[in-house]
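Written out below as C-alpha coordinates is the structure these notes cover.
The values are calculated or read from the model by the stated rules, or taken from the named source; none is laboratory data. Since the model is a prediction, treat every value here as computed from it, not as a measurement. No Cβ is skipped: glycine too gets one built from the backbone with ideal geometry, and neighbour counts run over all protein chains shown.
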Amino acid sequence: MNHKGKVCVTGASGFLASWLIKRLLSSGYHVIATVRDPGNAKKVAHLRQLQGAEERLCLVKADLMVEGSFDKAIMGCEAVFHTASPVVAAELDPKTEILKPAVDGTLNVLRSCKRNPSLKRVVLTSSSSTIRAKEDIDPNVPLDESSWSSEELCETLGIWYVLSKVLAERAAWEFCKENNVDMVTILPAFVIGPSLPPELCSTASDVLGLLQGETQKFEWHGRMGYVHIDDVALCHILAYENQNAEGRYICSSKILDNDELVSFLSARYPTLPIPKRFKKLDRPRYEFNTTKAKSLGMKFKPIEEMFDDCIASLVEQGHLSLL
(Lines give C-alpha, C1' and ligand atoms only; values in the text may rest on other atoms or scores of the structure.)
Protein backbone atom coordinates (compact mmCIF):
# COMPACT_ATOMS: atom_id res chain seq x y z
CA MET A 1 0.00 0.00 0.00
CA ASN A 2 1.32 3.44 -0.83
CA HIS A 3 1.57 5.41 2.40
CA LYS A 4 0.05 8.82 2.22
CA GLY A 5 0.69 11.78 4.50
CA LYS A 6 -0.26 12.45 8.09
CA VAL A 7 -3.72 13.93 8.70
CA CYS A 8 -5.72 14.91 11.78
CA VAL A 9 -9.40 14.12 12.44
CA THR A 10 -11.13 15.94 15.31
CA GLY A 11 -13.98 14.43 17.33
CA ALA A 12 -12.73 11.02 16.31
CA SER A 13 -15.13 8.83 18.27
CA GLY A 14 -18.19 10.34 16.56
CA PHE A 15 -20.51 8.69 14.00
CA LEU A 16 -19.07 10.40 10.92
CA ALA A 17 -15.49 10.85 12.15
CA SER A 18 -15.15 7.11 12.90
CA TRP A 19 -16.19 6.24 9.36
CA LEU A 20 -13.90 8.92 7.91
CA ILE A 21 -10.96 7.46 9.88
CA LYS A 22 -11.82 3.97 8.61
CA ARG A 23 -11.66 5.28 5.04
CA LEU A 24 -8.47 7.30 5.60
CA LEU A 25 -6.69 4.28 7.10
CA SER A 26 -7.78 2.04 4.23
CA SER A 27 -6.43 4.67 1.78
CA GLY A 28 -3.01 4.58 3.45
CA TYR A 29 -3.05 7.75 5.56
CA HIS A 30 -1.47 8.13 8.98
CA VAL A 31 -4.23 9.48 11.21
CA ILE A 32 -3.89 11.55 14.36
CA ALA A 33 -7.34 11.37 15.91
CA THR A 34 -8.48 13.69 18.69
CA VAL A 35 -10.84 12.60 21.45
CA ARG A 36 -11.67 14.17 24.79
CA ASP A 37 -10.51 11.08 26.70
CA PRO A 38 -8.22 8.58 24.91
CA GLY A 39 -8.30 6.46 28.09
CA ASN A 40 -12.04 5.81 27.78
CA ALA A 41 -11.75 2.30 26.32
CA LYS A 42 -15.50 2.02 25.68
CA LYS A 43 -15.52 5.17 23.55
CA VAL A 44 -12.41 4.38 21.46
CA ALA A 45 -12.33 0.56 21.20
CA HIS A 46 -14.04 0.61 17.78
CA LEU A 47 -11.28 2.92 16.44
CA ARG A 48 -8.46 0.72 17.70
CA GLN A 49 -10.06 -2.25 15.93
CA LEU A 50 -10.04 -0.62 12.49
CA GLN A 51 -7.85 -2.14 9.81
CA GLY A 52 -4.48 -0.33 9.80
CA ALA A 53 -5.15 1.28 13.20
CA GLU A 54 -2.31 -0.48 14.96
CA GLU A 55 0.30 0.89 12.56
CA ARG A 56 -1.18 4.22 11.51
CA LEU A 57 -3.67 5.55 14.08
CA CYS A 58 -2.70 7.67 17.05
CA LEU A 59 -5.29 8.91 19.55
CA VAL A 60 -4.58 12.30 21.15
CA LYS A 61 -6.46 14.14 23.89
CA ALA A 62 -7.96 17.49 22.89
CA ASP A 63 -10.94 19.54 24.00
CA LEU A 64 -12.76 22.06 21.81
CA MET A 65 -13.23 24.37 24.77
CA VAL A 66 -9.56 24.45 25.81
CA GLU A 67 -7.51 27.05 23.93
CA GLY A 68 -4.44 25.51 22.22
CA SER A 69 -5.36 21.93 23.09
CA PHE A 70 -5.24 20.91 19.40
CA ASP A 71 -1.70 22.23 18.81
CA LYS A 72 -0.02 18.92 19.56
CA ALA A 73 -2.40 16.83 17.44
CA ILE A 74 -2.39 19.16 14.42
CA MET A 75 1.32 20.03 14.26
CA GLY A 76 2.97 18.25 11.33
CA CYS A 77 -0.32 17.19 9.70
CA GLU A 78 -0.95 18.05 6.05
CA ALA A 79 -4.73 18.03 6.41
CA VAL A 80 -7.13 18.64 9.27
CA PHE A 81 -10.63 17.18 9.02
CA HIS A 82 -12.63 19.11 11.59
CA THR A 83 -15.78 17.10 12.33
CA ALA A 84 -16.04 17.66 16.08
CA SER A 85 -18.87 19.70 17.49
CA PRO A 86 -19.30 20.60 21.16
CA VAL A 87 -21.27 18.24 23.36
CA VAL A 88 -24.29 20.24 24.38
CA ALA A 89 -26.23 19.96 27.63
CA ALA A 90 -29.79 21.12 28.29
CA GLU A 91 -30.90 24.15 26.33
CA LEU A 92 -31.38 26.59 29.19
CA ASP A 93 -29.51 29.35 27.45
CA PRO A 94 -28.92 28.41 23.80
CA LYS A 95 -26.65 31.39 23.13
CA THR A 96 -24.06 30.42 25.73
CA GLU A 97 -24.64 26.66 25.64
CA ILE A 98 -24.85 26.01 21.91
CA LEU A 99 -23.91 29.00 19.76
CA LYS A 100 -20.81 30.23 21.58
CA PRO A 101 -19.19 26.77 22.00
CA ALA A 102 -19.79 25.96 18.31
CA VAL A 103 -18.02 29.13 17.16
CA ASP A 104 -15.30 29.10 19.84
CA GLY A 105 -14.52 25.41 19.29
CA THR A 106 -14.15 25.88 15.53
CA LEU A 107 -11.89 28.92 15.95
CA ASN A 108 -9.82 27.08 18.55
CA VAL A 109 -9.09 24.30 16.03
CA LEU A 110 -8.39 26.80 13.23
CA ARG A 111 -5.91 28.73 15.39
CA SER A 112 -3.98 25.48 15.86
CA CYS A 113 -4.15 24.92 12.09
CA LYS A 114 -2.70 28.36 11.48
CA ARG A 115 0.28 27.56 13.75
CA ASN A 116 1.10 24.42 11.72
CA PRO A 117 3.50 25.14 8.81
CA SER A 118 2.89 21.68 7.25
CA LEU A 119 -0.83 22.34 6.71
CA LYS A 120 -2.13 22.09 3.15
CA ARG A 121 -5.87 22.26 3.74
CA VAL A 122 -8.63 22.17 6.34
CA VAL A 123 -11.82 20.26 5.53
CA LEU A 124 -14.62 21.41 7.83
CA THR A 125 -17.83 19.45 8.35
CA SER A 126 -20.72 21.88 8.25
CA SER A 127 -24.33 20.92 7.41
CA SER A 128 -26.79 21.24 4.55
CA SER A 129 -29.07 22.91 7.10
CA THR A 130 -26.84 26.00 6.67
CA ILE A 131 -28.40 26.58 3.24
CA ARG A 132 -32.08 25.66 3.51
CA ALA A 133 -33.58 27.43 6.54
CA LYS A 134 -34.87 30.53 4.78
CA GLU A 135 -38.15 31.97 3.60
CA ASP A 136 -37.51 32.98 0.02
CA ILE A 137 -37.01 29.53 -1.53
CA ASP A 138 -38.01 29.12 -5.18
CA PRO A 139 -39.14 25.47 -5.49
CA ASN A 140 -38.12 25.48 -9.17
CA VAL A 141 -34.50 26.44 -8.55
CA PRO A 142 -32.43 23.85 -6.63
CA LEU A 143 -30.41 25.34 -3.77
CA ASP A 144 -26.68 25.48 -4.34
CA GLU A 145 -23.64 26.39 -2.25
CA SER A 146 -24.22 30.13 -2.63
CA SER A 147 -27.33 29.88 -0.43
CA TRP A 148 -27.19 30.59 3.32
CA SER A 149 -29.86 29.99 5.95
CA SER A 150 -31.38 33.07 7.52
CA GLU A 151 -29.96 33.74 11.00
CA GLU A 152 -33.10 35.73 11.89
CA LEU A 153 -35.38 32.85 10.88
CA CYS A 154 -33.28 30.35 12.88
CA GLU A 155 -33.56 32.58 15.93
CA THR A 156 -37.31 33.12 15.50
CA LEU A 157 -37.93 29.37 15.15
CA GLY A 158 -35.43 28.51 17.91
CA ILE A 159 -33.53 26.08 15.66
CA TRP A 160 -30.30 26.54 17.59
CA TYR A 161 -28.40 23.61 16.06
CA VAL A 162 -28.87 25.08 12.57
CA LEU A 163 -27.90 28.55 13.76
CA SER A 164 -24.80 27.16 15.49
CA LYS A 165 -23.72 25.53 12.23
CA VAL A 166 -24.30 28.76 10.26
CA LEU A 167 -22.37 30.90 12.76
CA ALA A 168 -19.50 28.40 13.09
CA GLU A 169 -19.09 28.06 9.33
CA ARG A 170 -19.27 31.82 8.73
CA ALA A 171 -16.70 32.42 11.50
CA ALA A 172 -14.45 29.76 9.96
CA TRP A 173 -14.58 31.41 6.52
CA GLU A 174 -13.76 34.77 8.01
CA PHE A 175 -10.80 33.40 10.00
CA CYS A 176 -9.40 31.46 7.02
CA LYS A 177 -9.66 34.48 4.75
CA GLU A 178 -7.88 36.73 7.24
CA ASN A 179 -5.17 34.18 8.03
CA ASN A 180 -4.68 32.71 4.59
CA VAL A 181 -5.73 29.19 5.57
CA ASP A 182 -6.90 26.94 2.70
CA MET A 183 -10.30 25.52 3.72
CA VAL A 184 -13.19 23.71 2.07
CA THR A 185 -16.47 22.88 3.81
CA ILE A 186 -18.71 19.83 3.37
CA LEU A 187 -22.46 20.27 3.88
CA PRO A 188 -23.95 16.81 4.44
CA ALA A 189 -27.67 16.13 4.40
CA PHE A 190 -29.09 13.76 7.06
CA VAL A 191 -26.48 10.99 7.34
CA ILE A 192 -27.70 7.39 7.11
CA GLY A 193 -25.57 4.26 7.39
CA PRO A 194 -23.76 1.81 9.64
CA SER A 195 -22.65 3.11 13.04
CA LEU A 196 -19.13 2.07 14.06
CA PRO A 197 -19.41 3.41 17.64
CA PRO A 198 -21.44 0.99 19.77
CA GLU A 199 -23.35 3.86 21.39
CA LEU A 200 -25.69 5.42 18.86
CA CYS A 201 -25.40 9.16 18.29
CA SER A 202 -28.57 11.27 18.11
CA THR A 203 -28.76 10.91 14.29
CA ALA A 204 -28.59 7.11 14.40
CA SER A 205 -30.93 6.85 17.38
CA ASP A 206 -33.50 9.07 15.63
CA VAL A 207 -33.42 6.64 12.68
CA LEU A 208 -33.71 3.66 15.03
CA GLY A 209 -36.73 5.31 16.68
CA LEU A 210 -38.41 5.80 13.31
CA LEU A 211 -37.82 2.15 12.36
CA GLN A 212 -39.39 1.14 15.70
CA GLY A 213 -42.53 3.19 15.06
CA GLU A 214 -41.73 6.50 16.77
CA THR A 215 -42.76 9.68 15.02
CA GLN A 216 -41.64 12.29 17.52
CA LYS A 217 -38.06 12.98 16.34
CA PHE A 218 -38.75 12.78 12.62
CA GLU A 219 -41.98 14.76 12.82
CA TRP A 220 -40.26 18.13 12.55
CA HIS A 221 -37.86 17.02 9.79
CA GLY A 222 -40.47 17.66 7.15
CA ARG A 223 -38.61 17.60 3.86
CA MET A 224 -35.05 16.35 4.23
CA GLY A 225 -32.03 15.34 2.17
CA TYR A 226 -30.47 11.95 2.92
CA VAL A 227 -26.94 10.70 2.23
CA HIS A 228 -24.90 7.53 2.90
CA ILE A 229 -22.25 7.92 5.59
CA ASP A 230 -19.62 6.42 3.28
CA ASP A 231 -20.36 9.11 0.66
CA VAL A 232 -19.89 11.85 3.25
CA ALA A 233 -16.53 10.41 4.32
CA LEU A 234 -15.42 10.02 0.70
CA CYS A 235 -16.51 13.58 -0.13
CA HIS A 236 -14.26 14.90 2.67
CA ILE A 237 -11.28 13.00 1.28
CA LEU A 238 -11.91 14.02 -2.35
CA ALA A 239 -12.24 17.66 -1.27
CA TYR A 240 -8.83 17.38 0.39
CA GLU A 241 -7.09 15.47 -2.40
CA ASN A 242 -8.40 17.55 -5.31
CA GLN A 243 -6.12 20.58 -5.49
CA ASN A 244 -8.74 22.62 -7.33
CA ALA A 245 -11.43 22.04 -4.72
CA GLU A 246 -12.64 25.28 -3.15
CA GLY A 247 -15.52 26.69 -1.17
CA ARG A 248 -18.54 24.69 -0.02
CA TYR A 249 -19.83 21.27 -1.18
CA ILE A 250 -23.40 20.03 -0.71
CA CYS A 251 -23.31 16.31 0.04
CA SER A 252 -26.78 14.82 -0.50
CA SER A 253 -28.20 11.92 -2.48
CA LYS A 254 -31.98 12.26 -2.33
CA ILE A 255 -34.55 14.61 -0.84
CA LEU A 256 -37.80 13.18 0.49
CA ASP A 257 -40.81 14.42 2.43
CA ASN A 258 -41.52 12.43 5.59
CA ASP A 259 -44.50 10.68 4.00
CA GLU A 260 -42.43 9.65 0.97
CA LEU A 261 -39.74 8.33 3.31
CA VAL A 262 -42.08 6.19 5.40
CA SER A 263 -43.94 4.83 2.40
CA PHE A 264 -40.60 3.76 0.87
CA LEU A 265 -39.41 2.26 4.18
CA SER A 266 -42.60 0.35 4.97
CA ALA A 267 -42.71 -1.15 1.47
CA ARG A 268 -39.06 -2.21 1.66
CA TYR A 269 -39.02 -3.46 5.26
CA PRO A 270 -42.60 -4.73 5.80
CA THR A 271 -41.80 -6.45 9.12
CA LEU A 272 -40.80 -3.19 10.81
CA PRO A 273 -43.48 -1.09 12.58
CA ILE A 274 -42.74 2.01 10.52
CA PRO A 275 -45.21 4.91 11.00
CA LYS A 276 -47.73 5.25 8.18
CA ARG A 277 -47.82 9.03 7.84
CA PHE A 278 -46.88 12.30 9.46
CA LYS A 279 -48.85 15.44 10.00
CA LYS A 280 -48.20 17.90 7.21
CA LEU A 281 -45.80 20.72 7.97
CA ASP A 282 -45.93 24.00 6.16
CA ARG A 283 -42.41 23.81 4.76
CA PRO A 284 -41.02 25.14 1.49
CA ARG A 285 -40.34 22.58 -1.19
CA TYR A 286 -36.69 22.54 -2.22
CA GLU A 287 -34.11 20.43 -4.04
CA PHE A 288 -30.31 20.52 -3.84
CA ASN A 289 -27.95 21.12 -6.75
CA THR A 290 -25.08 18.68 -6.12
CA THR A 291 -23.20 19.34 -9.37
CA LYS A 292 -20.25 20.70 -7.43
CA ALA A 293 -19.70 17.56 -5.33
CA LYS A 294 -20.15 15.42 -8.45
CA SER A 295 -17.38 17.41 -10.12
CA LEU A 296 -15.03 15.96 -7.46
CA GLY A 297 -16.02 12.47 -8.64
CA MET A 298 -18.88 11.81 -6.20
CA LYS A 299 -21.49 9.27 -7.31
CA PHE A 300 -24.07 9.18 -4.53
CA LYS A 301 -25.41 5.85 -3.27
CA PRO A 302 -29.20 5.47 -3.56
CA ILE A 303 -31.61 5.66 -0.64
CA GLU A 304 -32.12 1.85 -0.76
CA GLU A 305 -28.44 1.19 -0.12
CA MET A 306 -28.13 3.68 2.74
CA PHE A 307 -31.08 2.18 4.63
CA ASP A 308 -30.14 -1.45 3.85
CA ASP A 309 -26.65 -0.82 5.27
CA CYS A 310 -28.01 1.13 8.22
CA ILE A 311 -30.58 -1.53 9.15
CA ALA A 312 -28.09 -4.41 8.74
CA SER A 313 -25.76 -2.60 11.14
CA LEU A 314 -28.53 -1.90 13.71
CA VAL A 315 -29.56 -5.57 13.59
CA GLU A 316 -25.95 -6.77 13.91
CA GLN A 317 -25.33 -4.51 16.92
CA GLY A 318 -28.50 -5.79 18.60
CA HIS A 319 -30.40 -2.48 18.47
CA LEU A 320 -33.11 -3.72 16.09
CA SER A 321 -34.90 -6.95 15.31
CA LEU A 322 -36.40 -7.66 11.88
CA LEU A 323 -38.87 -10.27 13.14
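Here are a few things to note about the model shown:
- Residue pairs whose Cβ atoms lie under 8 Å apart, sitting 6 or more positions apart in sequence or on different chains, and linking a residue in region 12-24 that is more than 14 Å from Ala73 (Cβ to Cβ) to a partner that is among the hydroxyl-bearing types (Ser, Thr, Tyr) and assigned to a helix (DSSP H, G or I), are Phe15/Thr203.
- The single condition from (1) aromatic (Phe, Trp, Tyr); (2) within 18 Å of Asp206 (Cβ to Cβ); (3) outside any helix (DSSP H, G or I) that Phe264 fails is (3).
- Matching residues, region 118-155, being in a loop (DSSP other than H, G, I, E, B) and charged (D, E, K, R): Lys120, Lys134, Glu135, Asp136, Asp138, Asp144, Glu145
- Qualifying residue in region 180-191 (condition: modelled with pLDDT of 95 or more, exposed (fewer than 15 other Cβ atoms within 10 Å of the Cβ) and more than 16 Å from the chain's Cα centre (by Cα)): yes
- Condition broken by Arg277, with the remaining ones in (1) assigned to a loop (DSSP other than H, G, I, E, B); (2) touching a residue at least 24 places away in the same chain (Cβ under 8 Å) satisfied: (2)
Residue-by-condition table, conditions (1) under 19 Å from Leu187 (Cα atoms); (2) under 16 Å from the mean Cα position of the chain (by Cα); (3) among the hydroxyl-bearing types (Ser, Thr, Tyr):
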| position | (1), (2), (3) |
| --- | --- |
| Asp93 | no, no, no |
| Ala102 | yes, yes, no |
| Gly105 | yes, yes, no |
| Ser112 | no, no, yes |
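- Filter result (farther than 23 Å from Asp63 by Cα and part of a loop (DSSP other than H, G, I, E, B)) within region 1-28: Met1, Asn2, His3, Lys4, Gly5, Ser27, Gly28
- Top-ranked residue in region 65-117 [being in a loop (DSSP other than H, G, I, E, B) and in contact (Cβ under 8 Å) with a residue 60 or more places away in the chain; ranked as farthest from Leu163 (Cα to Cα)]: Gly76
- Of the candidates Thr130, Thr83, Thr125, Thr106, the single residue that is within 17 Å of Arg170 (Cβ to Cβ), hydroxyl-bearing (Ser, Thr, Tyr) and in contact with a Gly (Cβ under 9 Å, 6 or more places away or on another chain) is Thr125.
- Single residue of region 288-323 satisfying the filter (touching a strand residue (DSSP E or B) at 6+ places or on another chain (Cβ under 6 Å) and part of a loop (DSSP other than H, G, I, E, B)) that is farthest from Ile137 (Cα to Cα): Lys301
- Failed criterion for Val181 (all others in (1) in contact with a strand residue (DSSP E or B) (Cβ under 8 Å, 6 or more places away or on another chain); (2) closer than 20 Å to Asp231 by Cβ; (3) part of a loop (DSSP other than H, G, I, E, B) hold): (2)
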